[in-house]
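The values are calculated or read from the model by the stated rules, or taken from the named source; none is laboratory data. As the structure is a computational prediction, the values presented were derived from the model and not from experiment. Virtual Cβ from ideal backbone geometry, glycine too; neighbours counted across all protein chains shown.
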Amino acid sequence: MVDITTVSPQPIQEPRLTQRGRRWFVGIAVLAALVVGSVFAFVTFQPIQVLPRVRLAPGFSLVDSEGRSLTSEDMRGRFALYTFSYSSCVTCDSIDQTMREVQEGLASAELRGFEVALVTISVDPAETPESMASYAESVGADPEVWAFATVNDQRFLADVVAGGFGTYFSLGDDGIITLDRSFVLVDGAGIIRNEYKYATQASDSERILRHLGVLAEEEANSHGPAGLAYEAAHLFLCYAP
Amino acid sequence: MTETLVPEAEHPSSRRWLGLSVLLVPLLIAGLVFWWGFNRSQPHQFSGSVIQGLSAAPDFTLSSDRGPVSLSDYAGRIVMIYFGYTFCPDVCPTTLADAAAAIDSLSDDDAEDVQLIFVTIDPARDTADRLGEYVRHFDDRFVGLTGTEEEIGSVATLYGIYYRAGEGSEATGYLMEHTATLLVIDQAGNLKIVIPFGVESDAIASDLEYMLR
């Protein structure tokens with residue numbers, strides 16, 4: 001007689017397989033939970049913060065206070081902070097004050113060796129290099145850091161300032177200029193990374209200096225595999241306040 | 001003897017293999033699905049700067065040798081825009097050749113969804129006919145556009161392009177200084193990638209493939 005029941009292990013094997021399957025299931029579930037948890041922690045705690053890539057900064061060729069050409073290509077590879085004003089403006093003190101505070105703060109900002117340029121673009125079509133030079137001197141601009149520039153072509157100026165930098169200004173028939181207060185931070189690739197148009201608890205200069213540090217950190221660290229972490233920060237909108 | 005009478009399929013080792021197979025095959029399939037999903041979802045490293053937000057590319061209408069062309073004519077397709085000029089000795093032909101090679105490497109269906117527009121920054125010398133002939137030398141599907149100085153100036157400014165007539169020689173005529181970025185607009189009409197000069201065709205093709213997924 002052959003006793004098959006004694007050699008068939010089926011009743012014993014089934015529970016073993018189920019148990020092994022359960023282990024796999026638990027393993028995969030733990031792995032999935034870890035991945036989801038990591039993403040959640042990354043988004044919540046934001047170990048990496050970045051500034052958004054808002055849009056392209058305009059291309060331009062202007063004339064500075066020394067009568068030299070100042071172009072958007074000259075700014076390539078440097079962080080640039082733009083603002084808009086004009087030498088005869090009587091209400092632009094706070095704009096100049098913010099630029100001066102940024103200029104003074106650059107020495108102690110964590111820029112990791114990256115160069116920063118400040119540029120005031122005059123929206124007055126009657127502006128000359130000489131009037132801009134006097135203006136620059138009156139507001140304490142360091143010519144190595146802070147440039148003043150314009151172009152005597154109203155249409156081109158409108159394309160650059162209003163169209164490209166998104167800053168409203170108008171020139172009335174009576175010659176009166178209406179201008180919005182605005183600062184625009186552009187990275188070395190010519191992409192606008194932040195705009196400062198509205199008052200916040202922190203002053204504009206404080207935020208701009210902090211954001212320059214954030215930009216410098218991204219520029220210094222986002223190469224190789226770390227670049228993926230920075231792209232994830234952009235993807236999950238981990239933006240510096 | 002007991003062993004000789006046990007049916008083959010019911011041998012303990014066969015049953016173990018059967019059990020393992022039942023477990024491993026679905027796991028293998030799950031692994032492949034996971035790998036495929038991971039590959040599709042992992043962040044793609046673009047060859048240029050990516051503009052994450054919605055930055056609508058400004059529409060424009062300029063002239064080609066086959067009539068007026070607007071950016072909006074290509075709505076729903078990926079549009080690469082390059083600003084250059086036909087007398088350009090090196091940078092422009094290199095970029096156009098790389099862009100053509102990138103599009104060529106795509107499948108026919110994908111290539112249909114990509115359009116390159118070449119906008120001259122030297123309208124004084126680049127007529128529509130000359131531009132058409134020039135761009136089709138690189139790819140029959142390319143479009144070359146020109147316009148008045150004012151029209152070109154406005155479009156170039158809004159696309160972050162600086163240009164100016166510079167020095168040259170008797171042989172070349174004057175040369176143009178200009179920003180040499182290749183701009184990529186996605187299917188929704190948003191400016192998405194700013195590719196610097198020097199990126200090779202493989203990397204451009206990889207970006208296009210990713211955007212076409």
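At-a-glance table
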{"read-out": "Scope the range B:116-125; condition outside any loop (DSSP other than H, G, I, E, B) and among the hydrophobic types (A, V, I, L, M, F, W, C); matching residues", "value": "B:LEU116, B:ILE117, B:PHE118, B:VAL119"}
{"read-out": "Counted residues, the range B:126-166 - those being charged (D, E, K, R) and outside any loop (DSSP other than H, G, I, E, B)", "value": "8"}
{"read-out": "Of residues in the range B:155-178 being within 7 Å of another protein chain (Cβ to nearest Cβ) and touching a residue at least 40 places away in the same chain (Cβ under 8 Å), the one surrounded by the fewest Cβ atoms within 10 Å (Cβ to Cβ)", "value": "B:LEU158"}
{"read-out": "So B:ILE204, is it over 9 Å from the mean Cα position of the chain (by Cα) and closer than 24 Å to A:PRO58 by Cα", "value": "no"}
{"read-out": "Hits in the range A:157-174 - residues which are over 22 Å from the mean Cα position of the chain (by Cα) and without any contact (Cβ under 8 Å) to a residue 24 or more places away in the chain", "value": "A:ALA158, A:SER170, A:GLY172, A:ASP173, A:ASP174"}
{"read-out": "Residue satisfying all of: in the range B:55-76; of a type outside the set (Asp, Glu) and within 14 Å of chain A (Cβ to nearest Cβ); surrounded by the fewest Cβ atoms within 10 Å (Cβ to Cβ) among these", "value": "B:ALA56"}
{"read-out": "Selection status of B:THR95, modelled with pLDDT of 95 or more and either more than 14 Å from chain A (Cβ to nearest Cβ) or surrounded by 19 or more Cβ atoms within 10 Å (Cβ to Cβ) (or both)", "value": "yes"}
{"read-out": "Subset of the range B:168-202 [outside any loop (DSSP other than H, G, I, E, B), of a type in the set (Gly, Ala, Ser) and either modelled with pLDDT of 95 or more or within 19 Å of B:ILE103 (Cα to Cα) (or both)]", "value": "B:SER201"}
{"read-out": "Hits in the range A:172-208 (condition: hydrophobic (A, V, I, L, M, F, W, C) and either buried (at least 18 other Cβ atoms within 10 Å of the Cβ) or in contact with a Phe, Trp or Tyr (Cβ under 9 Å, 6 or more places away or on another chain) (or both))", "value": "A:ILE177, A:LEU179, A:PHE183, A:VAL184, A:LEU185, A:VAL186, A:ALA189, A:ILE191, A:ILE192, A:ILE208"}
{"read-out": "Count - residues of the range A:49-86 that are crowded, with 19+ Cβ neighbours inside 10 Å, farther than 12 Å from A:ILE121 by Cβ and more than 10 Å from every other protein chain (Cβ to nearest Cβ)", "value": "2"}
{"read-out": "A:ALA149 being on the phi < 0 side of the Ramachandran plot and touching a residue at least 60 places away in the same chain (Cβ under 8 Å)", "value": "yes"}
{"read-out": "Residue match in the range A:219-227 (condition: surrounded by 21 or more Cβ atoms within 10 Å (Cβ to Cβ) and among the aliphatic types (A, V, I, L, M))", "value": "no"}
{"read-out": "Enumeration of residues in the range A:146-169 that are out of contact with any strand residue (DSSP E or B) (no Cβ under 6 Å at 6 or more places or on another chain) and assigned to a loop (DSSP other than H, G, I, E, B)", "value": "A:ASN152, A:ASP153, A:GLY166, A:TYR168"}
{"read-out": "Selection from the range A:73-116 of residues that are within 17 Å of A:GLY188 (Cβ to Cβ) and touching an Asp or Glu at 6+ places or on another chain (Cβ under 8 Å)", "value": "A:GLU73, A:GLY77, A:ARG78, A:PHE79, A:GLU110, A:ARG112, A:PHE114"}
{"read-out": "Members of the range A:192-239 that are within 21 Å of A:ALA57 (Cβ to Cβ), modelled with pLDDT under 95, in contact with a strand residue (DSSP E or B) (Cβ under 7 Å, 6 or more places away or on another chain) and outside any helix (DSSP H, G or I)", "value": "A:TYR239"}
{"read-out": "Of residues in the range B:129-154 being farther than 21 Å from B:ALA111 by Cα and hydrophobic (A, V, I, L, M, F, W, C), the one nearest to the other protein chains (Cβ to nearest Cβ)", "value": "B:ILE152"}
{"read-out": "Condition met for A:ARG22 (basic (Lys, Arg) and in a helix (DSSP H, G or I))", "value": "yes"}
{"read-out": "Any hit, the range A:209-216, residues being free of Cβ contacts under 8 Å to residues at least 24 places away in the same chain, more than 13 Å from chain B (Cβ to nearest Cβ) and within 22 Å of A:ASP93 (Cα to Cα)", "value": "no"}
